[in-house]
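Okay, so here's the structure we're looking at.
The values are calculated or read from the model by the stated rules, or taken from the named source; none is laboratory data. Not measured: the values here are computed from a predicted model. Cβ sites come from the backbone with ideal geometry, for glycine too, and all protein chains shown count toward neighbours.
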């Protein structure tokens, strides 16, 4: 029977610090380096991989997961309403079961954000399933103080409770703009004097994207209250894969609507209600996120990567990537992989 580990308390509290210390000691060997990161290497009988924890001067903790647990793994949690956590899954899957919110799964390329209320539940990993993700943890109070000190002001939280729960359980794509800087944190492997400064800069970028998301992308009332039949949900869930499969000659919204047996309006409002963003924005983010992975993990030429993710020309790809990431694909590769 899989043991359920328990984490309880507020970030920065003696209670939670002790719970984390006991948890890591029970599953891993700690390796404290000189770059501000503690690497917890899983014991062979527990699984394979590491959980890396970096404490930033801003008061946030960055946790990087690259793990596969033998026999599965479960962690129970009980966090107060001030608990802030933003997590991006690079690859794999983590099941979430929350006492009052239901169940969900944080899957590859999805983002989860904790709600501003107490949470109580269990996260679980399957036997041998590799989970790669990065998390930013702190408190909502600390976040407000940090943003106030930077001149950004308070974070507007105008999400209805049901939307907040959908995002927390990984069932919404509305937080997709936050994925980019979080993936950069996950991919950054240089152990240099500037490492912590780089991580802080990506934290700022993630929070900036979060502020923009809260300010402009709450779905309209008609989308939030839209009742979708099961067959419509199934059709809408096929749209991302259809767009990806036909990315070199993407279908129009009218063609997608016909393929889904829906009107264009029903398709667009239904997609936003289900995924929290527009059809085209969802597809654009997916293509550029895939490009980031290929730039870091392969030695493919930039032109080939641009074509692979659906861009008709290297110049179009370069423009889109630069507008999204603030740098060219080649410079991004040099910064994150060490390859020219």
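Go over the candidates 286, 304, 323 one by one and state the one that is in contact with a helix residue (DSSP H, G or I) (Cβ under 9 Å, 6 or more places away or on another chain), under 30 Å from residue 112 (Cβ atoms) and either assigned to a helix (DSSP H, G or I) or at pLDDT 90 or above (or both).
Within the list 286, 304, 323, the selection yields 286.
Do we have residue 64 as in contact (Cβ under 8 Å) with a residue 40 or more places away in the chain and under 27 Å from residue 286 (Cα atoms) here?
Taking the combined requirement at face value, the residue satisfies it.
Would you point out which residue out of 59, 49 is at pLDDT below 95, touching a strand residue (DSSP E or B) at 6+ places or on another chain (Cβ under 7 Å), assigned by TED's automatic domain parsing to the domain that holds residue 95 and at positive phi?
59
In the same structural domain as residue 20 (by TED's automatic domain parsing), without any contact (Cβ under 8 Å) to a residue 40 or more places away in the chain and either in contact with a helix residue (DSSP H, G or I) (Cβ under 8 Å, 6 or more places away or on another chain) or not in a helix (DSSP H, G or I) (or both) - does that describe any residue in the stretch 137-152?
yes
Filter the stretch 52-68 for residues that are surrounded by 20 or more Cβ atoms within 10 Å (Cβ to Cβ) and within 22 Å of residue 120 (Cβ to Cβ) and give the result.
Residue satisfying the conditions is 65 alone.
So which residues in the stretch 10-45 are loosely packed, with under 12 Cβ neighbours inside 10 Å and in a loop (DSSP other than H, G, I, E, B)?
The answer is 33, 34, 44, 45.
Report those helices (runs of 4 or more DSSP H) wholly inside the stretch 179-273 carrying at least 1 residues which are exposed (fewer than 12 other Cβ atoms within 10 Å of the Cβ) and modelled with pLDDT under 85.
Counting at least 1 such residues, we get 195-216, 221-224, 230-245.
Can you give me the number of residues within the stretch 298-334 that are within 25 Å of residue 201 (Cα to Cα) and touching a residue at least 40 places away in the same chain (Cβ under 8 Å)?
Count: 3.
Just need a number here: residues in the stretch 318-340 that are more than 23 Å from the chain's Cα centre (by Cα) and more than 21 Å from residue 199 (Cα to Cα).
3
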